[in-house]
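Data first, discussion second: the structure below is written as structure tokens.
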Amino acid sequence: MDEITFSEDASDELVKRVEAVSDKERFVCAMEDDRFVGTAGVFSLHLTVPGGDMPAGGVTWVSVLPTHRRRGIMRELMRRMIDDCHRRGEPIAMLWAAEGAIYQRFGFGIGTFSVNLDAEPKAFGFARDWPIEGRFRLLAAGEGREVVEPVYEAARAQRSGFLSRTPDWWLGILPDAEKDKKGGEAKRLVVYETDAGAEAYAVYKTKPEWGVRGSSHQLIVDEAIGSTPSGTREIWRYLLSVDLVRTVKTWRLPSDHPLLVLAAEPRRLGATMGDGLWIRILDVAAALQGRTYGIDGHGRGQVCFDLRDEFCSRNAGRWSLEVEDGRARVTQVAAEADLALDANDLASLFLGGFSATALAAAGRVVEMRPGGLAAADSLFPTPLKPWCPQEF
Ligand SMILES: CC(C)(COP(=O)(O)OP(=O)(O)OC[C@H]1O[C@@H](n2cnc3c(N)ncnc32)[C@H](O)[C@@H]1OP(=O)(O)O)[C@@H](O)C(=O)NCCC(=O)NCCS
């Protein structure tokens, strides 16, 4: 079915990989007689939020046959999945959208942006030079999880938006000699290590192309993660200096990724930006009480907001967020609201990537009492933008 709706090959390998990370009882389908006409599922994941981590349902593989589209099948699947996430105690649901317009009606808002690069490494250059302190090591396919996992976990603790990974998730991400050979391209895993241990890694592949002018290979970076600033810098120095490569492509970087300010010629990175992870708040009190507030995580203040939420009407109404030493107490109140906003907007505020003022500038959040935007701005945004490096 997904081959028809997504127009791509669902190889046995892909199916096996998805099965390994799925709870089968969390997959739902619509049937007509004995045929599938719609499917969707939810992965049980944990998402980093400011100051911690919380369970989150990762909605995936939403598809309805073209013969059955626009009859409300997806809406019904979504209803069941969202209600099930809530029943399981997941305060939020999240997804990567094939098309953003599909999910906004269900209260999803942009949680992270994704910067995509189509870089010309030879023209790009670093604005400053620095000595190399460590060394790089290429690992054989099937090796390296124990080396890269601590790097990922350390990076995951530094920004909201990262997802938890079980060993089965890692299997799909790291090179595997059998699985990852597709059209002659194999995934490579390189790590950057200093005397302190591994500080960065990258998973990438190269697409060779030879012409009359020589090589114009493409290097495609699936994931490049550093746990320290120098690790991040070094792994990108490596990726942008592999011989014979003419273009380096990647997806899903945060909009404040260090590489964007390390460049001598930033436009040569060929950066474009799109939506990343979409968030849906399912339980307002549990979600908002599960993160910290204030730029240093020790914020203080209060904001009262009037929330519109048609798809999850239990969330609609007036809420007070009272923050003391970075932690919130969230209650439903009758008091006058400082702000009025939709479920989508609260979702965008949640991971810290947006300020209320930025959403008000877009006409989304409305200030009902003077000082409401400033109060929210002192609590929600984080020093680093949220980053979700992984699609699911
Ligand atoms: C997207 C898809 C799942 C929609 O399924 P569907 O059963 O036709 O959707 P529904 O009939 O339940 O639509 C519910 C609402 O969403 C709207 N909608 C559905 N697909 C939409 C789209 N691609 N863009 C904008 N709005 C869309 C419908 O118009 C309807 O609006 P309404 O509530 O105002 O009447 C289906 O078209 C599909 O499989 N597409 C290809 C695969 C894909 O893109 N999947 C999403 C992966 S993230």
> What is the one condition in (1) more than 10 Å from the ligand (Cβ to nearest atom); (2) surrounded by fewer than 22 Cβ atoms within 10 Å (Cβ to Cβ); (3) under 30 Å from residue 235 (Cβ atoms) that residue 156 does not satisfy?
Replying inline: (2)
>> Residue under question is residue 176, and the condition is that it be at negative phi and either free of Cβ contacts under 8 Å to residues at least 24 places away in the same chain or surrounded by fewer than 16 Cβ atoms within 10 Å (Cβ to Cβ) (or both); does it hold?
In response: no
> Can you tell me which residues in the stretch 31-44 are in contact with a strand residue (DSSP E or B) (Cβ under 8 Å, 6 or more places away or on another chain) and within 16 Å of the ligand (Cβ to nearest atom)?
Replying inline: 31, 36, 37, 38, 39, 40, 41, 42, 43
> Considering only the stretch 278-318, how many residues are of a type outside the set (A, V, I, L, M), assigned to a loop (DSSP other than H, G, I, E, B) and modelled with pLDDT of 95 or more?
Replying inline: 14
> Do we find that residue 126 is in the same structural domain as residue 191 (by TED's automatic domain parsing) and in contact (Cβ under 8 Å) with a residue 24 or more places away in the chain in this structure?
Replying inline: yes
> Just checking, how many residues over the stretch 57-77 are surrounded by fewer than 18 Cβ atoms within 10 Å (Cβ to Cβ) and either hydrophobic (A, V, I, L, M, F, W, C) or within 6 Å of the ligand (Cβ to nearest atom) (or both)?
Replying inline: 6
> Among the numbered criteria (1) more than 16 Å from the ligand (Cβ to nearest atom); (2) surrounded by 16 or more Cβ atoms within 10 Å (Cβ to Cβ); (3) of a type in the set (S, T, N, Q), which single criterion is violated by residue 114?
Replying inline: (1)
> Which one of these is among the acidic types (Asp, Glu) and touching a helix residue (DSSP H, G or I) at 6+ places or on another chain (Cβ under 9 Å): 256, 283, 306?
Replying inline: 283
>> So for the stretch 339-349 (the condition being touching a residue at least 24 places away in the same chain (Cβ under 8 Å), among the charged types (D, E, K, R), in a loop (DSSP other than H, G, I, E, B) and out of contact with any Phe, Trp or Tyr (no Cβ under 6 Å at 6 or more places or on another chain)), does at least one residue qualify?
In response: no
> Of the residues that sit in the stretch 1-21 and are within 16 Å of the ligand (Cβ to nearest atom) and surrounded by 14 or more Cβ atoms within 10 Å (Cβ to Cβ), which one is nearest to the chain's Cα centre (by Cα)?
Replying inline: 18
>> Condition (residue is within 16 Å of the ligand (Cβ to nearest atom) and touching a helix residue (DSSP H, G or I) at 6+ places or on another chain (Cβ under 7 Å)) applied to the stretch 83-101: is it met by at least one residue?
In response: yes
>> Considering only the stretch 134-150, I want to know if a residue exists there that is within 30 Å of residue 348 (Cα to Cα) and assigned to a loop (DSSP other than H, G, I, E, B).
In response: no
>> Looking at (1) of a type in the set (Val, Ile, Thr); (2) surrounded by 17 or more Cβ atoms within 10 Å (Cβ to Cβ); (3) in contact with a helix residue (DSSP H, G or I) (Cβ under 6 Å, 6 or more places away or on another chain), which one does residue 382 not meet, given that it meets all the others?
In response: (3)
>> Against the definition (more than 15 Å from the ligand (Cβ to nearest atom) and surrounded by 13 or more Cβ atoms within 10 Å (Cβ to Cβ)), how does residue 119 come out, yes or no?
In response: yes
> In the stretch 358-370, which residues are touching a strand residue (DSSP E or B) at 6+ places or on another chain (Cβ under 9 Å) and either buried (at least 22 other Cβ atoms within 10 Å of the Cβ) or without any contact (Cβ under 8 Å) to a residue 40 or more places away in the chain (or both)?
Replying inline: 359, 360, 364, 365, 366, 367, 369
> Only one residue in 198, 155 is in contact with a helix residue (DSSP H, G or I) (Cβ under 9 Å, 6 or more places away or on another chain), closer than 16 Å to residue 224 by Cα and assigned to a strand (DSSP E or B), so which one is that?
Replying inline: 198
>> Quick check on my filter: what residues within the stretch 317-339 are of a type in the set (A, V, I, L, M, F, W, C) and surrounded by 17 or more Cβ atoms within 10 Å (Cβ to Cβ)?
In response: 319, 321, 323, 328, 330, 337, 339
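The values are calculated or read from the model by the stated rules, or taken from the named source; none is laboratory data. Everything quoted here is computed from the prediction, not taken from an experiment. Heads up, the Cβs are rebuilt from the backbone with ideal geometry, glycines too, and the neighbour counts pull from every protein chain shown.
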